[in-house]
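First comes the structure, then the notes that go with it.
The values are calculated or read from the model by the stated rules, or taken from the named source; none is laboratory data. For clarity, every value in this text was computed on a predicted model and none was experimentally measured. Quick reminder, even Gly has a Cβ in these numbers, built from the backbone with ideal geometry, and neighbours come from all protein chains shown.
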Amino acid sequence: MDKFKIERSEPLCGRVHISGAKNSCLPQMAAALLTEGTVRLENTPDLVDVRTMTQVLENLGVVVERAVDGALELDPSQARRVTAPYELVRRMRASYYVMGPLLARHGQAEMSLPGGCAIGQRPIDLHLKGLAALGAEISTSEGFVHLRAPGGLRGARIDLAGEHGTSAGATINVMMAASLAEGRTVLTSAAREPEVEDVAVMLNAMGASITGGGEGVTEIEGVRHLSGITHRVIPDRIEAGTFAVAAAITGGDVVISDCNPAHLTAVLELLQQIGVDLEQGRKTLLVRSHAPLRPFQLETKPYPGFPTDMQAQFCALATCCHGTSTIVESIFENRAMHAPELARLGADIEVHGRTITVRGPCAMTSAPVMASDLRASAALVLAGLVAAGGCLVNRIYHLDRGYENLESKLVRLGAGILRISE
Ligand code: UD1
C-alpha cells in the first residue's frame with residue numbers, strides 16, 4: 001500500500017484547480033441506468049471510487065469509456081443484469097446508487113448489503129424505506145437485499161428524516177427511482193446538499209420532472225422515459241474546502257479556482273471567524289492567512305450546516321489555533337479516528353462521546369501515522385504540513401478514493417510530498 005512522506009511546508013502559494021465532485025459524479029453515473037441513451041458526464045474526477053462505480057456498472061452491462069477530454073461516456077443500451085455483487089459493494093458503499101435506477105427500469109434489483117464502515121454503522125434503512133413507499137417488495141437473504149416491483153413503482157409521500165438528520169444518499173436514490181414511477185412523489189425532510197440539486201438538474205435534462213431538488217421538499221412527477229444527455233458535474237466543495245484549510249494552516253496565499261464558493265458558506269464563515277482572509281468570486285476563492293489563528297467551535301450538520309466531510313480537516317487546523325477549540329460530530333457516531341493519530345503527531349486532543357477538544361497551538365512533531373478513512377487521511381496530510389520533521393502517512397489508498405491528484409496539486413503550491421509505492 002502506498003504512503004506519503006510529507007515535509008514541513010513553507011506557506012503554500014499559487015493557484016489550484018478544483019476537480020468535479022465525487023459525490024455528484026457517483027450517483028450521476030448510476031443514473032445512466034435510467035435510460036437507453038448515452039450519458040456523457042463532463043468534469044468527472046479520475047478517482048478510485050469512480051473506477052469502482054465504473055466496474056459496478058460494467059458488471060450490470062453498461063459500456064463505460066473515458067473520452068480523450070476526460071469526460072465519461074456511459075452506454076447503458078445493453079444493460080440487462082440487476083445484481084451488484086459483494087466484491088464491488090464492499091469496496092464502496094455508494095454502490096447503493098444502482099438500487100433505485102435498477103428497480104425503476106427493470107422492476108428488480110439485488111445488492112449485497114454494504115455493512116458497516118470505519119466511520120460508523122451507516123445503515124441504508126432510509127433508502128429502503130423510500131423505495132418500499134414507492135411500492136418495492138423488499139427482502140434480505142444471504143447478505144443480499146432483494147427489491148421487486150413487478151407492477152412498476154407508484155408515486156408516494158415520503159418523509160426522509162432519520163435519527164441524525166436526513167440522508168443525501170437516500171434522497172438521491174429515491175429521487176432517481178421516482179423519476180420513472182407512475183404519478184407524483186413528494187419527498188419531505190429531503191437532503192439539501194448541492195450534489196442532490198446537481199443530480200436533479202441532470203435528471204431534468206434527461207426528461208424528468210423534478211421541482212425543489214436540493215430544497216428540502218422535492219416533488220417528482222413520474223415520466224415514462226428518460227433520454228441520454230451531456231451533463232457537467234459541479235466542482236467538489238470538499239476538495240475546495242480542504243485546500244482552503246491547507247492555505248490557512250501553512251499561513252499561505254492560495255487562489256482556489258474552478259470551485260463554487262456559494263457551496264461552502266458554513267466553512268468560509270468559520271474560516272473568517274478564525275482570522276483567515278478570504279476573497280470570493282463566482283468561481284474562485286482567494287485564501288490568505290498571516291495572523292495568529294483564533295480557536296473555534298463547530299458542530300457538523302446536514303447542508304447548509306457545517307459538513308461532516310470537513311470535520312477532520314478542521315481538527316488539524318485547530319492544532320494551529322491559539323486556544324481551545326471544540327468540535328462536535330453530530331452526523332456519524334464514530335468519526336474521530338483521526339484524533340489519536342493527530343495526538344501521535346503532538347496534538348493536545350481529546351474525544352468525549354461526539355465532542356473533540358483541541359488545545360492549541362500544539363507543538364506538532366514527526367511521527368508515522370495511519371489513515372483510517374478518506375477525510376481523516378486528508379487531516380493527517382494537513383497536519384504533516386505543519387509538523388516539525390514532517391510525517392509519514394501510511395495507507396493513503398483512502399485519499400486516492402476521493403481526491404484527484406492531491407499530492408501533485410499540493411506540490412505545485414510548494415509542499416514537499418513524496419509518494420512511496422510498495
Ligand atoms: C454522503 C456522502 C459522504 C458524506 C455524507 C454526509 C456520498 C457518496 N457520500 O454519504 O461523503 O459524509 O453524505 O454528508 O455522497 N443514515 C441512516 N439511514 C440511511 C442512510 C443514512 O440512518 O438509510 C444516516 C447515516 O448513518 C448518517 C446520516 O444519516 O448518520 C447521513 O448519511 P447520508 O447523508 O446518507 O450519508 P451518505 O449518503 O452515506
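With the requirement that a residue be under 29 Å from Ala266 (Cβ atoms), small (Gly, Ala, Ser) and either within 13 Å of the ligand (Cβ to nearest atom) or surrounded by fewer than 23 Cβ atoms within 10 Å (Cβ to Cβ) (or both), what does segment 165-200 give you?
Hits for segment 165-200 are Gly165, Ser167, Ala168, Gly169, Ala170, Ser189, Ala190, Ala191.
From Gly228, Gly251, Gly213, which residue is part of a loop (DSSP other than H, G, I, E, B), on the phi > 0 side of the Ramachandran plot and touching a residue at least 24 places away in the same chain (Cβ under 8 Å)?
It is Gly251.
Please count how many residues of segment 136-158 are part of a strand (DSSP E or B), within 16 Å of Glu182 (Cα to Cα) and modelled with pLDDT under 95.
Of the residues in that region, 0 qualify.
In segment 362-373, how many residues are within 18 Å of the chain's Cα centre (by Cα) and in contact (Cβ under 8 Å) with a residue 40 or more places away in the chain?
Number satisfying all stated conditions: 2.
Considering segment 224-254 alone, what residues qualify as being surrounded by fewer than 18 Cβ atoms within 10 Å (Cβ to Cβ) and either within 16 Å of the ligand (Cβ to nearest atom) or more than 27 Å from Ala177 (Cβ to Cβ) (or both)?
Within segment 224-254, just Asp253 meets the criteria.
What single numbered condition from (1) within 24 Å of His17 (Cα to Cα); (2) buried (at least 17 other Cβ atoms within 10 Å of the Cβ) fails to hold for Gly416?
(2)
Evaluate segment 82-105: report whether one residue or more is of a type outside the set (Ser, Thr, Tyr) and on the phi > 0 side of the Ramachandran plot.
In the first step, residues of segment 82-105 are kept if they are of a type outside the set (Ser, Thr, Tyr); the result is 82, 84-85, 87-94, 98-105.
Narrowing further to those that are on the phi > 0 side of the Ramachandran plot: none.
No, segment 82-105 contains no residue that is of a type outside the set (Ser, Thr, Tyr) and on the phi > 0 side of the Ramachandran plot.
Return yes or no: is Leu278 crowded, with 21+ Cβ neighbours inside 10 Å and assigned to a strand (DSSP E or B)?
no
Among Glu221, Glu215, which is the only one that is at pLDDT 95 or above, acidic (Asp, Glu), surrounded by fewer than 16 Cβ atoms within 10 Å (Cβ to Cβ) and closer than 24 Å to Leu180 by Cβ?
Matching residue, one of Glu221, Glu215: Glu221.
Out of all the residues in segment 290-308, is one or more surrounded by fewer than 16 Cβ atoms within 10 Å (Cβ to Cβ), more than 13 Å from the ligand (Cβ to nearest atom) and among the small types (Gly, Ala, Ser)?
yes
Would you say Gly37 is assigned by TED's automatic domain parsing to the domain that holds Tyr96, at positive phi, away from the ligand (no atom under 16 Å from the Cβ) and among the small types (Gly, Ala, Ser)?
no
Residues of segment 353-387 being surrounded by fewer than 18 Cβ atoms within 10 Å (Cβ to Cβ) and within 16 Å of the ligand (Cβ to nearest atom), which ones?
Gly353, Arg354 - these are the residues of segment 353-387 that are surrounded by fewer than 18 Cβ atoms within 10 Å (Cβ to Cβ) and within 16 Å of the ligand (Cβ to nearest atom).
Residues being buried (at least 18 other Cβ atoms within 10 Å of the Cβ) and within 16 Å of the ligand (Cβ to nearest atom): count how many of those fall in segment 130-164.
Adding up the residues that qualify gives 9.
Within the group Glu350, Glu341, which residue is within 12 Å of Cys315 (Cβ to Cβ), more than 16 Å from the ligand (Cβ to nearest atom), of a type in the set (D, E, K, R) and surrounded by 17 or more Cβ atoms within 10 Å (Cβ to Cβ)?
Exactly one of Glu350, Glu341 is within 12 Å of Cys315 (Cβ to Cβ), more than 16 Å from the ligand (Cβ to nearest atom), of a type in the set (D, E, K, R) and surrounded by 17 or more Cβ atoms within 10 Å (Cβ to Cβ), namely Glu341.
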